[in-house]
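To start, the structure itself, in structure tokens.
The values are calculated or read from the model by the stated rules, or taken from the named source; none is laboratory data. Just so it is clear, the structure is predicted and the values come from calculations on it, not from any experiment. Positions of Cβ are generated from backbone atoms using ideal geometry, with glycine treated the same way; all protein chains shown enter the neighbour counts. Heavy atoms of the whole protein, side chains included, go into the accessibility calculation; ligands, DNA and RNA do not. Shrake-Rupley method; radii C 1.70, N 1.55, O 1.52, S 1.80 Å.
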Amino acid sequence: MNPKQPKQPLGFGKTFFAALLGMLVAGIILSFIFVLMLAASISSAFSDFEDPSQRPVIRENSVLHLTLDREITDQGPYREFELNIPGFEEDLKQGLNEIVESIKHAKTDDHIKGIFLDLSNVNGGWASVESIRNTLLDFKKSKKFIIAYGEVMDQKAYYLATTANKIYLFSTGLIQHTGLYSELMFFKGMLDKLDLDITIIRGSNNKFKSAVEPFMYEKMSNANRVQIIRMQQVVWQQVLKGISTERGISVEELERLADSAIIKNPQAALDNKMVDELVYRDQVIDILKAKAGSQKGKKLRLVKAGRYYASFSENRKSYNLLVKAARNKNKNKIAVIYATGDIIDGVGNHERIGSVTLSNEIRKARLNSTVKAIVLRVDSPGGSALASEVIWRETQLAKKAKPFIVSMGDLAASGGYYIACGADKIYAEPTTLTGSIGVFGILPHTERFFKEKTGITFDRVKTNKYSDIGSAVRKMDEVEYKIIQEGVDEIYDQFTLRVAQGRGLEHALVKDSIGEGRVWMGTDAKMLGLVDEIGSLDMAVEEAARRAKLKTYTVVNYPEIVDPFEEFLERLTQPNKHEDEDEDESKTPGSTHMKEDLLFSQFKTLIGEGNIKAYRSALNLISTKGVKAALPYYIVN
């Protein structure tokens with residue numbers, strides 16, 4: 001009898017196809033689960049709609065529910081509903097335009113009985129906060145209620161909360177009232193350890209142009225410290241004045257409370273009249289029900305700003321076709337063009353200002369005969385000086401054709417001010433960071449890093465003496481440095497000349513005093529002549545209407561924001577759609593979203609949300625070519 005033969009292992013082919021079949025089955029199962037999740041999310045999103053093809057219906061005795069913990073941008077991504085699918089939540093941001101317009105509309109909407117400020121941390125700049133706060137104060141004139149509640153309120157959240165009729169704090173919660181601070185990240189020590197060299201060329205006398213300081217020093221320069229102190233003073237005095245007016249606490253007392261850090265527990269906040277009552281969330285809900293007139297046993301009808309905005313706004317794709325047709329027939333339009341983010345050469349999106357993209361939007365508004373005036377809304381720290389000049393040229397063509405007004409948001413600095421300076425009139429908020437009129441260039445040199453850390457060396461041949469000027473793997477000599485310095489000075493001279501001509505100022509004054517790369521707050525910028533009026537986007541639109549002699553008009557927003565749900569589906573079905581497309585000046589590409597990997601997310605958690613922006617800003621500065629007109633990111637809490 002033959003002994004039992006051992007089982008032969010499966011051949012490679014059998015193993016491969018078995019694994020492939022397993023992956024296929026797993027993929028089908030996961031896809032099925034995902035579809036179920038998607039269907040459930042859509043079903044939940046539409047559950048409160050009486051007819052999904054029409055506008056959302058706002059029922060009687062509703063309360064506008066404002067939560068401001070998501071990033072606030074000038075022009076929000078329009079959405080009628082939210083998809084709560086893991087991995088996609090961070091794509092959803094809040095538009096300042098949606099928030100402000102929702103509050104304004106709620107003031108006269110009989111279905112909205114009041115506003116619930118559900119606050120914790122406010123993820124927006126101080127100018128955005130100021131705009132929301134002023135709109136809330138105007139809402140109170142309607143005699144409708146505003147109730148504020150928070151478990152932990154940061155300084156911005158509490159500043160907004162003081163607009164409320166009553167401020168309620170969680171019984172074991174906390175209010176931050178300790179003042180402001182700015183924190184900058186410096187990379188020089190890291191560069192030294194890595195044997196990396198950086199050559200920095202600033203415009204002549206650009207001593208305040210501090211965007212390059214993280215690569216030069218281990219702490220801020222005296223000039224930079226002076227301008228940051230002034231920035232903080234303006235913001236802090238605005239905050240103290242606002243709190244004092246609404247809460248009846250003197251500015252001196254508020255300073256004392258901040259200096260002594262007395263407000264360290266909820267009872268201290270109550271004792272010092274910072275809040276009206278310590279409660280639990282369910283108690284606040286009961287208070288809101290009573291004020292809204294909800295029937296006993298019925299749920300409180302809370303309406304999020306995004307959904308409420310969709311109920312009345314015409315800036316949406318699915319609104320009634322008759323309304324759309326009527327809007328298109330209106331011969332008197334004012335175009336509000338949003339310019340948000342870093343300024344780059346070429347094509348941008350709703351998070352970055354591309355010279356081609358923004359120029360196209362301005363051109364479309366200029367050539368549209370139904371657009372009678374243009375308002376450029378700027379929220380930008382600047383970027384490419386070349387791209388800024390390209391956009392500036394388009395603003396001047398628009399200005400010749402029709403009234404051209406600028407409204408500044410949180411930032412209109414450096415390149416952001418460059419594209420604004422030629423307007424007929426400029427509006428800014430008191431806390432808008434503006435100016436920073438200066439330029440610089442950054443050239444990284446990696447030769448020493450490669451040789452010392454990896455053993456890699458470089459050699460070269462060239463046809464002419466300066467063929468390799470600006471090479472990333474060798475340091476420049478004195479002659480090359482002088483050549484580039486002259487180029488940077490020429491661009492600074494052009495920048496300051498644009499400002500002087502646009503603002504009716506002496507060129508020497510701009511170049512040697514107002515400029516120098518210094519950042520100014522909105523109130524200081526007005527005194528210097530860089531800004532005409534302290535005011536909101538609404539005021540800028542009204543001014544545009546006056547100059548165009550319009551009594552009735554429709555506001556249209558440029559560029560059109562892609563519906564996040566449509567974009568989400570597009571990313572699923574055509575994930576690489578824009579990667580290989582030619583740049584067509586007649587088209588504005590849809591926005592793209594770069595997902596953070598796990599390591600980067602952990603890094604962000606480790607060093608903090610604010611510092612990650614400084615880190616990204618630094619990477620952007622050293623990775624982009626050309627002379628830059630950019631502002632460093634300041635963290636002001």
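I'd like the trypsin sites (Lys or Arg not before Pro) in the stretch 174-262 restricted to DSSP loop residues with at most 12 other Cβ atoms within 10 Å, sorted by number. Spell out each step's value before the answer.
Numbers: sites: LYS188, LYS193, ARG202, LYS207, LYS209, LYS219, ARG225, ARG230, LYS241, ARG247, ARG256; in loops: LYS207, LYS209, LYS219.
Hits after loop and neighbour filter: LYS219.
In whole Å, how far is the Cα centre of the stretch 338-392 from that of the stretch 252-302?
43 Å
If I stretch the segment between THR108 and GLU533 completely, what's the gain in nm (0.36 nm per residue apart, minus their alpha carbon distance), one decimal?
Numbers: separation 425, 0.36 × 425 = 153.00 nm, distance 2.78 nm.
Gain on stretching THR108 to GLU533: 150.2 nm.
Chymotrypsin sites (Phe, Trp or Tyr not before Pro) within the stretch 446-519: which are DSSP loop residues with at most 14 other Cβ atoms inside 10 Å?
Details: sites: PHE449, PHE450, PHE458, TYR466, TYR481, TYR492, PHE495; in loops: PHE458, TYR466.
Those satisfying the criteria are PHE458, TYR466.
Only Lys, Arg, Asp and Glu count, each charged at its Cβ (+1, +1, -1, -1), so figure out the dipole size of the stretch 144-224 about its Cα centre, rounded to 20 debye.
Numbers: 9 positive and 8 negative charges, 87 e Å.
Around 420 debye, computed over the stretch 144-224.
Any idea how far the Cα center of the stretch 216-244 sits from the one of the stretch 179-200, in Å?
The stretch 216-244 and the stretch 179-200 have Cα centres separated by 20 Å.
Kirkwood Rh over Cα pairs of the stretch 214-271 into Stokes-Einstein at 37 °C, 0.692 mPa s: D in µm²/s? Intermediate values should be presented prior to the final figure.
Numbers: Rh = 13.7 Å.
Estimated via Stokes-Einstein, D reaches 240 µm²/s.
Per the Kirkwood formula on distinct C-alpha pairs, the Rh of the stretch 138-177 is how many angstrom? Could the numbers behind the result be given before it?
Working: mean 1/r = 0.0944 Å⁻¹.
Radius from the Kirkwood sum: 10.6 Å.
Binning at 10 Å from 0, report for the stretch 133-273 what percent of all alpha-carbon pair distances ends up in each bin.
10, 31, 23, 18, 14, 4, 0
For the stretch 344-447, which whole percent of the accessible surface, found with a 1.4 angstrom probe, sits on carbon and sulfur atoms?
Details: 1360 of 2460 Å².
Answer for the stretch 344-447 is 55 percent, counting heavy atoms of protein chains only.
If you roll a 1.4 Å probe over the heavy atoms of the protein chains, what accessible area per residue do you get for the stretch 383-493, in Å²? List each step's numbers first, then the result.
Numbers: 4710 Å² over 111 residues.
Using a 1.4 Å probe on heavy atoms only, each residue of the stretch 383-493 averages 42 Å².
Could you check the simple spin-label distance between LYS141 and VAL226, using points 7 Å along Cα→Cβ, in nm with one decimal?
Computed distance between label sites LYS141 and VAL226 equals 4.2 nm.
Any chance you could list P(r) for the stretch 425-540, counting all Cα-Cα pairs in 10 angstrom bins from zero, rounded to whole %?
Going from the shortest bin to the longest, the percentages are 12, 29, 21, 17, 14, 6, 0.
Among the GluC sites (Glu not before Pro) in the stretch 188-252, which ones are in a DSSP loop with at most 15 other Cβ atoms within 10 Å of the Cβ? Mind listing them? All intermediate terms of the calculation are to be shown ahead of the outcome.
Numbers: sites: GLU218, GLU246, GLU252; in loops: GLU218.
Taking the stretch 188-252 and a limit of 15 other Cβ atoms within 10 Å, the loop GluC sites (Glu not before Pro) found are GLU218.
If you roll a 1.4 Å probe over the stretch 126-200 with all protein chains in place, what percent of the accessible area is carbon or sulfur?
In the stretch 126-200, the share of accessible area belonging to carbon and sulfur is 53 percent.
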